[in-house]
Amino acid sequence: MWWILSFISAGFLGCYDSFKKLSLKENAVIPVLFLNTLVSTLLLSPLLFRTGFGSWEVQRWILLKSVIVLSSWLAGYYAMKHLPLTLVGPMNATRPVLVLLGAVLLFGERLNLLQSLGVGMAILAYFLMRISGKKEGIDFRHNKWIWCLIVAVLLGAASGLYDKFLMAPEQGLGLDNLQVLSWYTLYQLVFMTFILAFFWAPNRHKSTPFEWRWSIPFISLFLCAADYAYLQALAQPGALISVISMIRRGSVLVSFLIGAFFLKEQNIKAKALDLALVFLSMVLLYLGSK
């Protein structure tokens, strides 16, 4: 059952990225992200009462989690607005490589041969993505939206490592995952309300105007559904986190197909090769972690 839930989570994540792209295209980023955090908080609000506040000692760690995730989202939303979905997806899929490298540096883990090959394959895929980007006029070194995407990926990987610290019972704090999910979402809403009111609203006439689209609430719906399926998969007897994580990265295939066939993005054949290398990298990392 857990592997079925993992595939469901991956499908929801792919839809989440696709609706995010549809909502952000030629639209203001801050209101879209604010509405995302608002809807997510409303959907997860029952968990706030179920899990309780705990102590400030616990909440300060969750607060830091919200800062890391929201910073990643801010950078990632701006990148998603200005870059092709078929480029953003494969780059986001390299996060497991960064998490693995972070585990080596922070937790003293060592790479075996297959894991080293997986890292090398991901690096090769990155350079091929640079070539694919140049064909669309995207210079990786001088394009600020590429740097936003890189920051988002790095912070996303940092969030994954921080999750291990927060929820691992032996090497970390052993916090309840639903408590972390619900409270850091609420903190994100607080932060985004402040950003919307004091930074975006006074200067909204100087930037891209906001336009309501029905795709916006679907961002939160699919994200919450993906996270819920993921947590339920982890709770199943015999669930393997390494397999679940790899399956979830398969969400890039859903968003890639939507970008190729529905959004009619360019240079699909070259990007498909980049995506194949990213998948091969994930398979090698998985086999090396067994």
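The values are calculated or read from the model by the stated rules, or taken from the named source; none is laboratory data. Everything quoted here is computed from the prediction, not taken from an experiment. When we count neighbours, we look across all protein chains shown, and the Cβ atoms used for this are built from the backbone with ideal geometry, even at glycine. Note: areas computed on protein heavy atoms with side chains; ligands, DNA, RNA excluded. Shrake-Rupley method; radii C 1.70, N 1.55, O 1.52, S 1.80 Å.
For this structure, a couple of remarks:
- Failed item in (1) of a type outside the set (S, T, N, Q); (2) open to solvent by less than 50 Å² (accessible area, probe 1.4 Å); (3) at pLDDT 75 or above, with Gly172 passing the rest: (3)
- Unique match (being part of a helix (DSSP H, G or I), at pLDDT 85 or above and open to solvent by less than 60 Å² (accessible area, probe 1.4 Å)) among Ser132, Ser159, Ser182: Ser182
- Residue in region 263-272 that is at pLDDT below 80, polar (S, T, N, Q), open to solvent by 30 Å² or more (accessible area, probe 1.4 Å) and not in a helix (DSSP H, G or I) present: yes
- Scanning region 209-229 for residues that are open to solvent by 40 Å² or more (accessible area, probe 1.4 Å), more than 15 Å from Ala10 (Cα to Cα) and part of a helix (DSSP H, G or I) returns a single hit, Phe218.
- For Ile150, the conditions (1) over 16 Å from Pro84 (Cβ atoms); (2) at pLDDT 85 or above are fulfilled apart from (1).
- Residues satisfying the stated conditions in region 195-208, i.e. free of Cβ contacts under 8 Å to residues at least 12 places away in the same chain and either surrounded by 11 or more Cβ atoms within 10 Å (Cβ to Cβ) or not in a helix (DSSP H, G or I) (or both): Ala197, Ala201
- Flag for Leu44 being outside any loop (DSSP other than H, G, I, E, B), over 19 Å from Leu85 (Cα atoms) and touching a Ser or Thr at 6+ places or on another chain (Cβ under 6 Å): yes
- Residue check for Ser9: closer than 22 Å to Ala79 by Cα and part of a helix (DSSP H, G or I): no
- Residue match in region 138-150 (condition: farther than 22 Å from Ala272 by Cα, aliphatic (A, V, I, L, M) and either touching a Phe, Trp or Tyr at 6+ places or on another chain (Cβ under 9 Å) or surrounded by 15 or more Cβ atoms within 10 Å (Cβ to Cβ) (or both)): no
- Selection over region 5-23 of residues that are open to solvent by less than 30 Å² (accessible area, probe 1.4 Å) and more than 12 Å from the chain's Cα centre (by Cα) gives a count of 7.
- Exactly one residue out of Leu35, Leu70 is within 17 Å of the chain's Cα centre (by Cα), modelled with pLDDT of 90 or more, at negative phi and among the aliphatic types (A, V, I, L, M), and it is Leu70.
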